[in-house]
Every structure is written in structure tokens, then in C-alpha cells.
Amino acid sequence: MLDPKSRGGSKAVHEDLESGQILKIGRPRNNFPLISAPHTLLFAGGIGITPMLSMAYALEAQGASWELHYAGRSMDRFAFLPELKRFGSKVHLYRDDGPACEKLDAMATLSGAQKGAHLYACGPNGFMNFIVKTAEQNGFDPDAIHLERFGAEIDTDGAAFTVVAEKSGIEIKINPGETISEKLMSNGIDVSVSCQSGVCGTCLTKVIKGTPDHRDLVQTDAEKAANAQITICCSRSKTKTLILDI
């Protein structure tokens with residue numbers, strides 16, 4: 001179905017592709033890998049159950065200690081229920097339209113978490129932010145909190161700055177409201193982008209000189225502090241000039 005709000009992908013598929021056409025694609029990337037831990041907590045909100053189901057299968061196959069907390073608006077909106085039943089008491093369901101006892105109490109769940117546990121969350125931004133905040137309040141190390149977001153609102157406001165594409169030998173001015181990736185592409189520089197909102201990591205580019213204004217949700221706080229890479233689809237610059245390895 002042609003998405004009227006498409007950023008180009010849906011439109012291109014409908015206008016440019018034909019039945020039987022062979023497409024060249026890149027390798028799948030995993031920016032949301034499982035890390036070995038004494039215990040794993042999985043939190044899914046709505047369609048966020050998709051990656052969590054794969055993790056549940058992987059953890060069960062490893063004989064690992066884990067549990068899944070799955071929240072949705074109503075029981076008829078829950079996906080994969082028949083598959084989830086195979087995991088028995090490791091799966092906990094919560095619905096917004098039920099009594100208070102059937103709603104997710106993240107504070108109670110996380111306050112009793114095993115020491116050294118890792119947490120994974122996927123779902124709407126409001127749900128994710130709530131889980132992260134509650135985890136931090138309960139002493140979770142930032143490195144033990146792992147997130148996968150479907151999208152995010154990007155903020156391209158800020159002072160103008162100059163990007164020097166070192167390999168391409170091009171210098172470009174990025175004005176307020178513009179993105180580095182768009183300006184690079186409009187000047188003939190081929191860059192890889194996907195989500196265009198700083199959640200997938202496809203456009204991460206090496207920084208040679210300058211200090212990025214990180215506005216992505218894919219890098220950790222430590223990675224952002226290192227300023228070694230920048231998501232050119234949404235981030236800007238704190239310095240007047242940013243030299244990139246592109």
C-alpha cells in the first residue's frame with residue numbers, strides 16, 4: 001500500500017519497481033544484540049514485541065535466566081500470544097484497559113531485579129522513556145539498558161555550521177532546519193541512510209575534527225562522549241566546522 005506520509009521509500013517502490021525485478025540489498029545489521037548476563041529482563045510495548053520474541057527464543061535455547069513483560073492497550077491487540085504461551089510463567093502480560101492489578105508496575109518489577117541483570121526494551125517512545133527512567137531509579141547501570149526505537153522526532157534547529165567532507169574534498173554549509181545527510185547528497189556525495197531519525201545507526205560517520213551535537217538515540221552516552229562518530233541524518237555540530245571522513 002502506498003503510504004501518503006512516505007519519506008520516499010513507499011513512493012519509490014510503487015513508482016520504480018516491477019514484478020520479478022531483482023534487487024541488490026545489504027547485509028542485515030544487528031544494532032540490538034543480546035549480551036550475556038546473569039538474568040535478562042525483556043520489556044515490550046505493543047508492536048515492540050517483535051524483537052523481544054526472537055530474544056525470548058534465543059534465551060530459552062541457551063538455557064538462560066530471563067523474563068518478558070509485555071504491555072498492550074487491550075487483549076485483542078496482543079500479538080504472538082499462541083507462541084508466547086510456550087514460555088509459561090516467564091511471560092507477563094499487562095493491558096491498559098484492565099483493572100489496576102493487570103497494568104504494568106515497572107517500579108515493582110525492577111526494584112526486585114537480580115544484581116547484574118540486563119534490560120531490553122522496545123516500543124513507543126513514551127513507554128521506552130518510562131522503562132528507562134524507572135530502571136535508572138532502581139540503580140541500573142546505563143550499560144545494562146538496551147533499547148530499540150522504531151522512530152523519533154528529530155530537531156534540526158541550531159546555528160549554521162560548515163561540514164568538510166575530507167575524502168570528497170567538498171565544503172558545505174548546514175543551515176538551521178537542514179541535515180548533514182541531505183546536504184551531502186544534494187552535492188553529489190553518496191551516503192547511506194535508513195531511518196532518518198537517528199535510531200538505526202546506518203549513517204554513522206567517522207569524525208576527524210570538531211565536536212558533534214549528538215541528537216541520535218542509537219549511540220550510548222560513552223560513545224557520544226568520545227565524539228568519534230556522528231549520525232549525519234539528524235545530528236548537528238557544536239563547533240563552527242565539522243570535518244568528516246567521507
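The values are calculated or read from the model by the stated rules, or taken from the named source; none is laboratory data. As the structure is a prediction and not an experimental result, all values here were calculated from the model. Cβ coordinates were reconstructed from backbone atoms using ideal geometry, including for glycine residues, and neighbour counts include every protein chain displayed. Each accessible area value is taken on the protein alone, full model and side chains, heavy atoms only, with ligands, DNA and RNA left out. Shrake-Rupley method; radii C 1.70, N 1.55, O 1.52, S 1.80 Å.
Enter the accessible area of residue 92 (Å², nearest 10), with the probe set to 1.4 Å and all protein chains included.
Ignoring ligands and nucleic acids, residue 92 comes out at about 60 Å².
Using +1 on the beta carbon of Lys and Arg, -1 on that of Asp and Glu, and nothing else charged, what's the dipole of the stretch 173-246 about the Cα centre, debye to 20?
The dipole of the stretch 173-246 has a size of about 300 debye.
Roughly speaking, to the nearest percent, how much of the chain's 1.4 Å accessible area is carbon and sulfur?
About 50 percent, which is the carbon plus sulfur part of the accessible surface.
First select every other residue whose beta carbon is under 15 angstrom from the beta carbon of residue 75; then total the charges, Lys and Arg +1, Asp and Glu -1.
+1
How many nm is it between the label spots at residue 186 and residue 105, if each spot is 7 Å from the Cα in line with the beta carbon?
Placing both labels 7 Å along Cα→Cβ, they lie 5.4 nm apart.
Identify, among 47, 212, 108, the residue whose Cα sits farthest towards the positive end of the charge dipole of the chain, taking +1 on the Cβ of Lys and Arg and -1 on the Cβ of Asp and Glu, with the dipole about the Cα centre.
Looking along the dipole axis, the top candidate is 212.
Given only helices, namely DSSP H runs of n ≥ 4 each adding -39500 (n - 2.57), what is the per-residue ellipticity at 222 nm of the chain, to the nearest 500 deg cm²/dmol?
-6500 deg cm²/dmol
Specify which residue in the list 91, 2, 61 is farthest towards the positive end of the charge dipole of the stretch 1-107, using unit charges on the beta carbon of Lys, Arg (+1) and Asp, Glu (-1), about the Cα centre.
Sorting the options by dipole projection puts first 61.
Have a look at 191, 227, 158 and report the one farthest towards the positive end of the charge dipole of the stretch 131-232, computed about the Cα centre with Cβ charges (Lys/Arg +1, Asp/Glu -1).
Of the options given, the answer is 191.
At 1.002 mPa s and 20 °C, plugging the Kirkwood radius over alpha-carbon pairs of the stretch 145-210 into Stokes-Einstein gives what diffusion coefficient in µm²/s?
Rounded, D is 161 µm²/s.
Hey, got the dipole for the chain? About the Cα centre, +1 on K and R Cβ, -1 on D and E Cβ, debye to the nearest 20?
220
How big is the charge dipole of the stretch 79-217 about its Cα centre, in debye rounded to the nearest 20, if each Lys and Arg gets +1 on its Cβ and each Asp and Glu gets -1 on its Cβ?
In total the dipole reaches around 440 debye.
Select one label from [x] 178; [y] 214; [z] 190: the one whose number is volume of the Cα convex hull per residue in Å³ as derived from the coordinates shown.
Read-out from the structure maps to [x].
Take peptides 25-38, 192-205, 217-230 and line them up by average Cβ neighbours within 10 Å, highest first, as a rough protection proxy.
Result, highest mean Cβ count within 10 Å first: 192-205, 217-230, 25-38.
What do you get for Rg/Rh over the stretch 1-133 if you use C-alpha atoms and the Kirkwood form of Rh?
1.06
Extending each Cα 7 Å along its Cβ direction at residue 81 and residue 2, get the distance between those two points in nm, one decimal.
3.7
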